[in-house]
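Please read the structure below before turning to the comments.
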Amino acid sequence: MEKINLTKYRLNHLIKYKLSKNVIATEGKIYYYPHKTNWTNEMKVLKMFYRDLTEDRVANIEFLSEYKKELESISSLVLPDALVSYYGKDRGIIMPYVENTNLADFLMFDDVDQTVKLRHLKEVGKILEEISLLRKYNSDLKDFAIGDLHEANTIIESSTNRIKFVDIDSAYTGSYISASKYLTLNINLESLSNKYPMNEDESIIPNEQTDLYCYHMMILNYMYRDNIADLPIDEFYYYLEYLKKIGMNKNFLESCSRLYTSQENINPKDYLDNIGVNVSRASRKIYEKCKDKIMNI
Ligand SMILES: Nc1ncnc2c1ncn2[C@@H]1O[C@H](COP(=O)(O)OP(=O)(O)O)[C@@H](O)[C@H]1O
Ligand SMILES: [Mg+2]
């Protein structure tokens with residue numbers, strides 16, 4: 001992988017990328033990085049980590065570079081272009097800049113129809129399906145998983161209106177495990193070690209099942225308008241019962257109900273075409289207000 005030496009002078013003259021209110025960068029700062037060669041003049045992005053990258057983290061990023069061609073068959077992945085060295089240490093990555101609306105923001109917009117939001121969420125499911133095929137047909141990528149899949153790592157590219165996944169440097173490629181919004185410290189997953197395996201540090205090892213779990217959390221969080229992954233399992237099932245009572249698509253609910261069982265998770269994307277309910281009724285606020293009345297009908 002190409003390595004770029006970044007000087008303090010250059011870093012000080014880069015413009016910081018402004019994150020919107022629903023997005024937090026946990027690992028580092030993002031900067032616009034104008035990249036000139038003899039032939040091109042492109043806008044890129046620099047992700048400058050708060051700490052030097054560990055060896056296994058660098059190995060993970062280099063794996064992504066080694067399999068760039070294969071991974072690029074999924075055009076929705078924003079892959080790293082180069083490693084950045086700062087004072088002799090690996091500290092960042094350069095990647096293409098994608099002008100976007102963050103999905104975490106988009107899902108909160110009041111003036112956008114729910115069918116449009118669900119269409120974007122459905123596209124996330126399509127990308128997961130493509131990744132599933134990639135795993136199947138390329139044995140070197142059989143362990144590849146997005147890992148930290150969540151709405152803020154998902155963006156809508158302005159020029160194409162298509163979904164892209166960012167933060168791919170933290171994708172799982174076979175050994176290095178990054179923290180994940182929905183998997184890290186999630187006690188609900190602890191006893192399901194066949195489906196959601198853990199390593200000796202008690203970190204969940206991302207796989208197809210965990211990606212599908214995170215995908216369900218993205219959809220359910222959009223409906224619940226809070227973090228559903230935090231709900232104790234029995235309360236989660238009670239909420240699914242409520243959703244059933246208000247008319248939510250049964251296949252979608254069946255798919256959700258598998259998450260905390262030993263049954264394999266499935267991709268619910270096709271059920272989003274016909275969700276069967278105005279999702280505003282699924283919000284935590286409305287749910288807490290109406291659940292006793294609705295559940296007794
Ligand atoms: N290549 C990119 N183009 C445009 N925006 C990006 C790009 N990469 C990241 N971002 C934005 O910056 C945010 C933080 O980047 P991310 O890689 O997720 O950092 P962290 O690992 O700290 O979560 C993302 O949620 C996204 O909004
Ligand atoms: Mg992120």
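Values for this structure:
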item: Index of the failed condition, Thr101 passing every other in (1) within 16 Å of ligand 2 (Cβ to nearest atom); (2) in contact (Cβ under 8 Å) with a residue 12 or more places away in the chain; (3) farther than 30 Å from Asn274 by Cβ; result: (3)
item: Counted residues, the range 1-34 - those being assigned to a strand (DSSP E or B) and acidic (Asp, Glu); result: 1
item: Qualifying residue in the range 86-96 (condition: among the acidic types (Asp, Glu) and either touching a helix residue (DSSP H, G or I) at 6+ places or on another chain (Cβ under 8 Å) or assigned to a strand (DSSP E or B) (or both)); result: yes
item: Matching entry among Asp211, Asp148, Asp140 (being surrounded by 15 or more Cβ atoms within 10 Å (Cβ to Cβ), at pLDDT 95 or above and more than 21 Å from Gln263 (Cα to Cα)); result: Asp148
item: Residues of the range 4-28 satisfying the condition of being surrounded by 10 or more Cβ atoms within 10 Å (Cβ to Cβ) and within 15 Å of Ser85 (Cα to Cα); result: Ile4, Asn5, Leu6, Thr7, Arg10, Leu11, Gly28
item: Selection count where residues are more than 11 Å from ligand 1 (Cβ to nearest atom) and touching a strand residue (DSSP E or B) at 6+ places or on another chain (Cβ under 8 Å), scope the range 150-170; result: 2
item: Unique residue being among the small types (Gly, Ala, Ser), without any contact (Cβ under 8 Å) to a residue 60 or more places away in the chain and outside the structural domain of Leu71 (by TED's automatic domain parsing) when the list is Ala152, Ala179, Ala229, Ala171; result: Ala229
item: Members of the range 182-210 that are part of a loop (DSSP other than H, G, I, E, B), touching a residue at least 60 places away in the same chain (Cβ under 8 Å), within 14 Å of the chain's Cα centre (by Cα) and more than 29 Å from Glu99 (Cβ to Cβ); result: Asn207
item: Residue list for the range 98-126, filter: surrounded by fewer than 14 Cβ atoms within 10 Å (Cβ to Cβ) and aliphatic (A, V, I, L, M); result: Val112, Val116
item: Conditions (1) of a type outside the set (S, T, N, Q); (2) part of a loop (DSSP other than H, G, I, E, B); (3) buried (at least 16 other Cβ atoms within 10 Å of the Cβ); (4) modelled with pLDDT under 95: number failed by Leu53; result: (4)
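The values are calculated or read from the model by the stated rules, or taken from the named source; none is laboratory data. Note that the coordinates shown come from a computational prediction; the quantities given were computed from them, not determined experimentally. Every residue, glycine among them, receives a Cβ derived from its backbone with ideal geometry; neighbour counts consider all protein chains shown.
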